[in-house]
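The values are calculated or read from the model by the stated rules, or taken from the named source; none is laboratory data. No experiment lies behind these values; they were computed from the predicted model shown. Cβ coordinates were reconstructed from backbone atoms using ideal geometry, including for glycine residues, and neighbour counts include every protein chain displayed. Ligands, DNA and RNA are excluded from the accessible area calculation, which covers all protein heavy atoms including side chains. Shrake-Rupley method; radii C 1.70, N 1.55, O 1.52, S 1.80 Å.
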Protein chains: 2
Amino acid sequence: MTIASKITGLMALTLLLACSPPGDERQPAAASDPPEATPSDPLPSWNDGDAKQQILEFVAQVTNPASPAFVPAGERIATFDNDGTLWAERPLYFQLLFAVDRVRSMADDHPEWRAEQPFKAILEDDREALGKMGHAELGQLLAATHAGITAEEFSAIARGWLDTARHPLFDRPFNEIIYQPMLEVLSYLRANGFKTFITSAGGIEFMRTFAEKAYGIPPDQVIGSSIETEFRVEGDRTFLMRLPELHFADDKEGKPVAINRYIGQRPIAAFGNSDGDLQMLQYAAGGDRARLMVLVHHDDAEREYAYDRESRIGRLDKGLDEADRWGITVVSMKDDWRTVFPWGS
Amino acid sequence: MTIASKITGLMALTLLLACSPPGDERQPAAASDPPEATPSDPLPSWNDGDAKQQILEFVAQVTNPASPAFVPAGERIATFDNDGTLWAERPLYFQLLFAVDRVRSMADDHPEWRAEQPFKAILEDDREALGKMGHAELGQLLAATHAGITAEEFSAIARGWLDTARHPLFDRPFNEIIYQPMLEVLSYLRANGFKTFITSAGGIEFMRTFAEKAYGIPPDQVIGSSIETEFRVEGDRTFLMRLPELHFADDKEGKPVAINRYIGQRPIAAFGNSDGDLQMLQYAAGGDRARLMVLVHHDDAEREYAYDRESRIGRLDKGLDEADRWGITVVSMKDDWRTVFPWGS
């Protein structure tokens, strides 16, 4: 199948290019160091409250050999969505901003793009034309920016972008627009024998370029959407060529499928922030042992962004309706998080 | 695609059911403990020689921070084929013996199988009919024995088989027909900061049921062929249903593709035993750092089996021709291995 013929929810959202705010009036706060985790408080960026308590109690139970809820270390699997759960997703999924920047940087070698959509609209910053972009144009955008190069070339390009591009509101590299409370959860779980995985609709090779440094999650514990690749031999050189065809969309029902395929065990802890994560949380909830399901609710317009049921990016609607039924803990960024970003908020 | 429409090399080999020897005259040797690994000799089941020396030198180089060949710990990735590399594959791939046993155990619930191929031939042990089995029948065999149940049900069934079935020649559980010298290599690499992965044409969920106990490789570090699964919600129950459709054949060109997809880094060490592993070894060989590629040559008719260029199981033909060109170390089981199995040989 071609990318154009099976675009995921994530990918269809370049539509939102046309909807991104022209500017944001808020000023980022001055930097300050986050509080330091200690044995007595492993989650110092969390305010005392139900959410923090539930995380602490869950970990205490599954790591206590005397508890009926004890889970052996090798089976302590925790999965995390990325966009909106570990790092921000506004004004637009960061990977789409990468694709847009890449069109701009490649434009000199593609004079034909000046007359061809969606490239023309990106190069002219024509928000009206971008708003009309359909699946076919989006497929072209991703094929032009994500395929036709080797896996190693793509990683180098993505790394270069992360080293130079800056978030339009927070004016920092995108791999610093990550949530301090979630970094503490990752460290806390790992210190308690958990293996932590990303499972996101974002591109798997894109995320692997920063997940280890940003989150301490090595490449083989990053699961995401992927395109097809082909093994090639040219003389003594061997490499994987990235093809303009979607292999797997790691979103919604795809998340439990990918978790089973990559990890091979049902997670006992799962963290998300949108309806695209609901099936992953249901999968964890359907286990027969102690389990923890968490949805991060973006309700903090002052320190980050506020959006949920009506949002086209990271919509959280069914998730809020179904939270009680599946025992999902809904975290209020505003009330439950003392700090949002590692550099202060 | 259906299983029947895209059968892998591995799977097509039920044909070999008809060719498996009616009996083997050899008597398994009495059990004895393998020699113990020590810091001065981490590979005591290997005879001194080029193969052992190359493994030791490679590890010494990549772990020495003062060496130009040094590789940081997080990038020390080693991949291992399973059938014929970590455990035996004769008289037939063990997973096919599992499928045959499963047909027999399910037969009471399927009276129609007495008149339907390939089930009839299996139930009647009709080697002539089995020899005529084509791809369509093989697809039916795998669909009947590997799909139509949940992922967790399948794992329980596979575990039960491994607990009871015994190898026809060595008269031990199949998960004990593993190679002591390779267990030593796995331990030695891990002790030196390597992350060890299986990448095999065998079924991913089948291998995950024993890889941790047999090899110390956790489920998420096992890569293999897979069928499609579907996420389902029934009341409060959530599960993955196994479907009778092939998702991915992890063989030949598929191995580098899967390594990139699952691991996200090019291995610096790769171990195989057949032409199905050649592309994985070429992928490792094409890296620009110190690297080690190994082919286990089954040339030991006395302690295990002897086969290579003409074999239909685990054929090693191109691999022998290409070994020099790609810098592949060919290990002679007969000459390089002091011991074959953990229980003596």
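Might you check whether a residue that is in contact with a Ser or Thr (Cβ under 8 Å, 6 or more places away or on another chain), in contact (Cβ under 8 Å) with a residue 12 or more places away in the chain, on the phi > 0 side of the Ramachandran plot and open to solvent by 10 Å² or more (accessible area, probe 1.4 Å) occurs anywhere in segment A:189-198? Yes. Do we find a residue being touching a residue at least 24 places away in the same chain (Cβ under 8 Å), within 13 Å of another protein chain (Cβ to nearest Cβ) and either over 17 Å from the mean Cα position of the chain (by Cα) or in a loop (DSSP other than H, G, I, E, B) (or both) anywhere in segment B:294-317? No; the residues of segment B:294-317 include none that is touching a residue at least 24 places away in the same chain (Cβ under 8 Å), within 13 Å of another protein chain (Cβ to nearest Cβ) and either over 17 Å from the mean Cα position of the chain (by Cα) or in a loop (DSSP other than H, G, I, E, B) (or both).
Looking only at segment A:332-345, which residues are in contact with a Gly (Cβ under 9 Å, 6 or more places away or on another chain) and either among the aliphatic types (A, V, I, L, M) or not in a strand (DSSP E or B) (or both)? Passing the criteria: A:ASP335, A:ASP336.
A single entry from B:GLU152, B:GLU124 fulfils the requirement of being within 13 Å of chain A (Cβ to nearest Cβ), over 23 Å from B:THR79 (Cβ atoms), surrounded by fewer than 21 Cβ atoms within 10 Å (Cβ to Cβ) and not hydroxyl-bearing (Ser, Thr, Tyr): B:GLU152.
Considering segment B:121-205, the qualifying helices (runs of 4 or more DSSP H), each wholly inside and each with 2 or more residues that are in contact with a strand residue (DSSP E or B) (Cβ under 9 Å, 6 or more places away or on another chain) and of a type in the set (Gly, Ala, Ser), run over B:135-146, B:151-164.
Table: residues versus (1) in contact with a helix residue (DSSP H, G or I) (Cβ under 6 Å, 6 or more places away or on another chain); (2) under 30 Å from B:VAL340 (Cβ atoms).
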| site | (1), (2) |
| --- | --- |
| B:ALA121 | yes, no |
| B:ASP126 | no, no |
| B:LEU130 | yes, yes |
| B:GLU152 | no, no |
| B:THR164 | no, yes |
| B:LEU169 | no, yes |
| B:PHE174 | yes, yes |
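If you go through segment B:239-273 and keep only what is under 29 Å from B:HIS298 (Cβ atoms), open to solvent by 10 Å² or more (accessible area, probe 1.4 Å) and more than 10 Å from chain A (Cβ to nearest Cβ), you end up with B:ALA249, B:ASP251.
For beta carbons closer than 7 Å, sequence separation of 6+ or different chains, a first residue in segment A:138-167 that is at pLDDT below 95 and a second that is in a helix (DSSP H, G or I) and open to solvent by 10 Å² or more (accessible area, probe 1.4 Å), the qualifying pairs are A:LEU138/A:MET11; A:LEU138/A:ALA12; A:LEU142/A:MET11. Taking the conditions (1) open to solvent by 50 Å² or more (accessible area, probe 1.4 Å); (2) closer than 30 Å to A:PRO218 by Cβ; (3) not β-branched (Val, Ile, Thr) in turn, B:LEU56 satisfies each one other than (1). Consider segment B:301-330 and keep the residues that are over 17 Å from A:THR238 (Cα atoms) and touching a strand residue (DSSP E or B) at 6+ places or on another chain (Cβ under 6 Å). The one that is least open to solvent (accessible area, probe 1.4 Å) is B:THR329.
For segment A:127-149, the candidate set comprises residues that are within 15 Å of A:LEU96 (Cβ to Cβ) and surrounded by fewer than 15 Cβ atoms within 10 Å (Cβ to Cβ); within that set, the residue that is farthest from the other protein chains (Cβ to nearest Cβ) is A:ARG127. Residues in segment B:77-121 that are among the small types (Gly, Ala, Ser) and open to solvent by 10 Å² or more (accessible area, probe 1.4 Å) were compared, and the one that is farthest from the chain's Cα centre (by Cα) is B:ALA115. Flag set for B:GLN282, criterion: at the interface with chain A (Cβ under 7 Å from one of its Cβ atoms), touching a residue at least 12 places away in the same chain (Cβ under 8 Å), at negative phi and polar (S, T, N, Q). For A:GLU228, the test of being within 11 Å of chain B (Cβ to nearest Cβ), open to solvent by 30 Å² or more (accessible area, probe 1.4 Å), under 25 Å from A:LEU97 (Cβ atoms) and not in a helix (DSSP H, G or I) is passed.
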